[in-house]
Amino acid sequence: MRRDTFLKSLAALAAAGSLPLSAQAAVAIKMMLPANPGGGWDSTGRALGKALQDAGVASSVTYENKGGAAGAIGLAQFANASKGDPNALMVMGAVMLGGIITAKPPVDLDRVTPIARLTSEYNVFVLPASSPFKTMADVVAQLKKDPGSVKWGGGSRGSTEHIAAAMIAREVGVDPAKINYVAFRGGGEATAAILGGNVTVGGSGYSEFSEYIAAGKMRPIGVTSGQRLKGVDVPTLKEQGINVEIGNWRGVYGAPGITRAQRDALVAMVQKAVKSAAWAEALEKNDWTPAWLAGDQFADFVDAEFASLRATMVKSGMV
């Protein structure tokens with residue numbers, strides 16, 4: 001076989017996902033980050049992009065931030081613009097499921113292709129350093145006195161911190177429909193609002209607030225885990241008599257209309273990336289817990305999460 005013919009055949013097989021990963025050339029990846037800069041999806045996507053390059057499976061990674069509506073705006077753009085593209089990825093997670101349940105956007109996750117769950121983490125609630133409140137008990141006392149006076153700041157409507165705030169209200173005897181929740185388009189906006197004292201209490205993944213907690217600019221008052229987080233001296237809500245536990249997770253989806261072989265090739269690429277030194281560094285830096293789940297198993301997990309979140313949100317009066 002002539003050399004040029006052989007190389008063309010090799011390239012065709014690689015494009016179809018028929019070659020083992022080690023035989024495929026590194027590709028240019030397009031990463032949709034369906035949130036504004038500075039939040040968990042943004043940092044996850046950029047960390048994954050670096051890991052894909054570190055692992056040698058991506059020659060380059062380009063990023064696009066498109067925030068709003070719990071990721072639904074970015075999801076719609078990704079679904080409409082990336083159809084059939086085997087080199088496109090979109091970061092998503094539990095927040096997007098909650099947003100879809102509350103807002104019922106026209107473009108749902110059934111339009112795109114599940115690739116893998118990457119990480120899990122729990123949320124922390126914080127007070128601005130200048131707050132007159134010192135503890136979650138102080139917040140709850142004010143919530144009982146005047147629910148609307150407590151401004152909860154966090155991600156989009158339906159985010160895990162929004163659900164947790166509604167669950168807290170329900171558990172302490174306050175109508176969840178009366179909570180004053182202020183939704184932001186990205187973690188950077190939420191952080192600025194908390195630091196500026198524009199909300200009473202803020203919530204997000206612990207990694208997003210850790211540097212401000214360490215610097216004394218935010219006061220942590222409770223985490224949503226069942227047990228205290230390793231190395232984090234912050235009481236759980238359960239320790240404080242509030243029976244609320246809810247976790248967060250993040251993953252990636254591929255474009256609509258890709259073949260099963262192309263999906264499997266993306267899974268293999270991402271799996272190699274999460275074994276890289278760059279990804280290990282990101283996990284340690286951000287206090288993320290690895291939570292690998294891929295392909296059909298990930299798709300089944302998302303279906304189960306939809307059902308569980310919907311039941312929780314109905315019980316908390318959110319839908």
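Worth pointing out:
- Mean separation of Cα pairs under 8 Å and 6 or more residues apart, divided by the residue count, gives the range 201-259 a relative contact order of 22 percent.
- What separates the Cα centres of the range 24-78 and the range 223-263 is a distance of 19 Å.
- Charge dipole of the range 103-207 (Cα centre as origin; +1 on each Lys and Arg Cβ, -1 on each Asp and Glu Cβ, all else neutral): 140 debye, rounded to the nearest 20.
- For Lys66, the aspartates and glutamates whose Cα comes closer than 13 Å to its Cα, not counting residues fewer than 8 places off in the same chain, are Asp42.
- Of Asn248, Ser59, Ser120, farthest towards positive along the dipole that unit charges on Lys, Arg, Asp, Glu beta carbons give the chain: Ser59
- Residue with peak Gaussian network fluctuation, the chain [Cα springs, cutoff 10 Å], from Asp108, Asp300, Asp85: Asp300
- Neighbourhood charge, 12 Å Cβ-Cβ cut-off, centred on Gly254 and excluding it, Lys, Arg +1 and Asp, Glu -1: +3
- Candidate lysines for bridging to Lys315, where Cα separation is under 16 Å - those fewer than 8 sequence places away on the same chain excluded: Lys178
- Of the residues Leu143, Val95, Val232, the one whose Cα sits farthest towards the positive end of the charge dipole of the chain is Val95 (charges of +1 on Lys and Arg Cβ, -1 on Asp and Glu Cβ, taken about the Cα centre).
- The accessible area of Asp54, taken with all protein chains in place and a 1.4 Å probe, comes to roughly 80 Å².
- Working from Cα pairs under 8 Å separated by at least six residues, relative contact order for the chain is 27 percent.
- Measuring between alpha carbons in the structure, the pairs from Lys151/Lys238; Lys104/Lys144; Lys30/Lys272 lying more than 24 angstrom apart are Lys104/Lys144.
- With every protein chain in place, the chain: carbon and sulfur % of accessible area (1.4 Å): 51
- Taking Cα centre as origin and charging only the Cβ of basic (Lys, Arg, +1) and acidic (Asp, Glu, -1) residues, the dipole magnitude of the chain rounds to 380 debye.
- Ranked by solvent-accessible area (1.4 Å probe, protein heavy atoms only, all chains present), the residues Arg157, Arg250 order from largest to smallest as Arg157, Arg250.
- Think of a 1.4 Å ball rolled over the protein heavy atoms: the chain then has 43 Å² of accessible area per residue.
The values are calculated or read from the model by the stated rules, or taken from the named source; none is laboratory data. The structure presented is a predicted model; accordingly, all values stated were derived computationally and were not measured. Counting neighbours? That spans all protein chains shown, and the Cβs are built from the backbone with ideal geometry, glycine included. These area figures cover heavy atoms from the full protein model, side chains too; ligands, DNA and RNA do not enter into them. Shrake-Rupley method; radii C 1.70, N 1.55, O 1.52, S 1.80 Å.
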